[in-house]
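Visitor: Sharing a structure below in structure tokens format, with a few things to ask.
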Amino acid sequence: MRLVILDRDGVINQDSPDYIKSVAEWKPLPGSLDAIARLNQAGFTTVVATNQSGVGRGLFSSEVLAKIHEHMYQQLAAHGASVDAVFFCPCRPDDNCECRKPKPGLFYQIAERAHVKLASVPCIGDSLRDIEAARAADAIPILVRTGNGAKTEAELPAEWRVPVYDDLAAAADALVATVARDKTASPV
């Protein structure tokens, strides 16, 4: 199985410092839904790993979050795309839980459910905590400049050597190109 893990806010949809608290506030970033369609067409199983502390803070309920995700699924379907699952952490930062990024708990849950090792799994995010979680899980961190990504790029330690792309579309194109190269490579 080819698996790719995506952050949600700032990668798939516009982010907000006030949280995405309703279906009306969920707005896809330009090209992101088509990028997921290209990943699907190339054989990638796509899942989302997202911190959603707005639930833990009482800003919106789990039911509202489910409606937001249902809306996301509908928008993806309209573009011929799908996300196989959404893993989320509802905890606040001070709860110190294991599934809230930058800790790798969500990624471990995904690996267990998908029966995969994370060493070859790309994880696309826009924040330092996304990159830290991927590194902690021994996955492949990828940064996009959308959302908080431009700021995060300036904070990345150079020795981490994290690939950086303008947006999910560019990152998806790079992953799809890698798959295409692998298919055409001749055995030695």
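Visitor: In what sequence, highest mean first, do 2-11, 49-58, 85-94 appear when ranked by Cβ atoms within 10 angstrom?
Guide: In descending order of packing, they fall as 2-11, 49-58, 85-94.
Visitor: Still on this structure, I have one more. Which three extents, in whole angstrom, do the alpha-carbon atoms of the stretch 56-102 cover along their principal axes, largest first?
Guide: Its Cα atoms span 38, 21, 10 Å along the three principal axes.
Visitor: Also, quick follow-up: Applying 1/(1 + (r/R0)^6) with R0 = 22 Å to the Cβ-Cβ distance of Asp166 and Lys27, what FRET efficiency is obtained, to the nearest 0.05?
Guide: On the way: r = 18 Å, r/R0 = 0.83.
Once the sixth-power term is evaluated, E becomes 0.75.
Visitor: Another question, then. Would you list which lysines come within 22 Å of Lys103, measuring only between C-alpha atoms, while excluding same-chain residues fewer than 8 positions from it?
Guide: Partners found: Lys117, Lys151.
Visitor: A follow-up question, please. Å³ per residue of the Cα convex hull, for the chain?
Guide: Dividing the Cα hull volume of the chain by its residue count gives 118 Å³.
Visitor: How much of the DSSP beta bridge set in the chain is antiparallel, as a percent to the nearest 5?
Guide: Beta bridges within the chain, antiparallel portion: roughly 5 percent.
Visitor: Turning to a different aspect of this structure: Given H placed 1.01 Å from N in the peptide plane, which residues other than close sequence neighbours of Tyr165 have an amide H under 5 Å from its amide H?
Guide: So Tyr165 has HN proximity to Leu143, Val144, Arg145.
Visitor: Same structure again: Using 7 Å Cα-to-Cβ label points, what is the Val64/Leu156 separation (nm, one decimal)?
Guide: 3.4
Visitor: By average Cβ neighbour count within 10 Å, what is the ranking of 123-135, 70-82, 161-173 from highest down?
Guide: Put in order of decreasing packing, that is 123-135, 161-173, 70-82.
Visitor: At q = 0.15, 0.18, 0.22, 0.24 Å⁻¹, what base-10 log of I(q)/I(0) does the Debye formula yield for the stretch 1-82 when every alpha carbon is treated as an equal point scatterer in vacuo?
Guide: -0.53, -0.74, -1.05, -1.20
Visitor: Measure out, as a whole number of angstrom, how far apart the alpha-carbon centroids of the stretch 39-59 and the stretch 129-169 sit.
Guide: If you average the Cα positions of each part, the centres end up 16 Å apart.
Visitor: Here's something else I'd like to know. Can you list residues whose amide H is under 5 Å from Ala85's amide H, if they're 5+ apart or on another chain and H is modeled 1.01 Å from N?
Guide: Val48
Visitor: What aspartates and glutamates does Lys27 reach when the alpha-carbon gap must be under 19 Å and sequence neighbours fewer than 8 apart in one chain are set aside?
Guide: Those aspartates and glutamates meeting the cut-off are Asp7, Asp9, Asp15, Asp18, Glu63, Glu70, Asp126, Asp166, Asp167.
Visitor: With a 1.4 Å probe and all protein chains kept in place, how do Val179, Val64 rank by accessible area, largest first?
Guide: Sorted by accessible area, descending: Val64, Val179.
Visitor: Suppose each label sits 7 Å from its Cα in the direction of the beta carbon; what would the Ala180-Gln14 distance come out to in nanometres?
Guide: 3.2
The values are calculated or read from the model by the stated rules, or taken from the named source; none is laboratory data. This one's a predicted model, so the numbers in the text were calculated from it and none came from an experiment. Counting neighbours? That spans all protein chains shown, and the Cβs are built from the backbone with ideal geometry, glycine included. Ligands, DNA and RNA are stripped out before the accessible areas are found, and what is left, the full protein with its side chains, is counted by its heavy atoms. Shrake-Rupley method; radii C 1.70, N 1.55, O 1.52, S 1.80 Å.
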